[in-house]
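Report on one structure; see the data block that follows.
Taken together, the values in this text are just the output of simple stated rules run on the coordinates, not laboratory data. These numbers come from a predicted model, not from an experiment. Note that we place each Cβ from the backbone using ideal geometry, even for glycine, and neighbour counts take in every protein chain shown.
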Amino acid sequence: MKTDRFFLRFLQTAAAAGPLGIKLIRIAILIVFVWIGGLKFANYEAEGIVPFVANSPFMSFFYTRQAPEYRDYRLKEGEFDAAKHEWHVQNNTYGFSRGLGVLIMGIGILVFLGLFFPKIGLAGDTLVILMTLGTLSFLVTTPEVWVPDLGSGEHGFPLLTGAGRLVVKDTAILAGAVVLLSDSARRVLSRLNKA
């Protein structure tokens, strides 16, 4: 009997947690987007996104060099090579990455402001959906997201590399953004109905 009451209380608490969950999703997106956007100002992060951007039919025009030339100028995280660094300068690797960083941080802030201003949240939530759909397109356009055939017999779809695992996690952000968009739209409609 006590177990039934405890379980019933647990279910009631869990059922009422939806609004808290929506707030936590907004805060989580703020943290992730501001952190990742801020990292776009670091050279290693800018260099790391080159395969995604260079192979994207939607973004490659931001770079001055064509894919797959970047493969000769790849750097490990934390590595410095003056000649390769200069190639990235000429490619607009760092300039594009910084602009992207500002955009990502701005989107995260808009989503967070949706806690207080549903119309601003509506804009931020929509931008997250568009951005994550763009990011997920890298699963189709970027060869580096799949394990290459290097002789182990384990390669290709569905075997994701580190880059692929980085991309596929955006499905969770996309799902969260859809929930947030629904919440923002509901709140905007509620205010319109009161007017």
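Details
- Long-range amide H partners of Trp146 with built H, under 5 Å: Thr161
- For Val89, net neighbour charge (Lys/Arg +1, Asp/Glu -1) across residues whose Cβ lies under 13 Å away: 0
- Inter-label distance, nm, simple model (7 Å from Cα along the C-beta direction), Val188/Arg74: 4.2
- Segment 26-73, Cα convex hull volume normalised per residue, Å³: 86
- Taking each DSSP H run with n ≥ 4 as -39500 (n - 2.57) and averaging over every residue of the chain yields -22000 deg cm²/dmol at 222 nm.
- Entries in Lys23/Lys119; Lys40/Lys119; Lys119/Lys169 that, when Cα-Cα distance is taken, lie over 19 Å: Lys40/Lys119; Lys119/Lys169
- Angle in degrees between helix 2-15 and the longest Cα principal axis of the chain, rounded to the nearest 10: 60
- Of all aspartates and glutamates in the structure, the ones whose alpha carbon falls short of 16 Å from that of Lys76, not counting any fewer than 8 places away in one chain, are Glu45, Glu47, Glu86, Glu144.
- Karplus (6.51, -1.76, 1.60) ³J(HN,Hα), θ = phi - 60°, over segment 40-47, in Hz, Gly and Pro reported as x: 5, 8, 8, 4, 4, 6, 4, 5
- Rg then Dmax, both in Å and based on the Cα atoms of segment 22-194: 18.2, 65.
- Ascending count of other beta-carbon atoms within 10 Å, so fewest first, for Glu79, Glu154: Glu154, Glu79
- Taking 1.002 mPa s as the viscosity and 20 °C as the temperature, the Stokes-Einstein diffusion coefficient of segment 1-116 based on its alpha-carbon Kirkwood radius rounds to 127 µm²/s.
- Over the C-alpha atoms of segment 93-161, the Rg to Rh ratio, Rh being the Kirkwood estimate, stands at 1.19.
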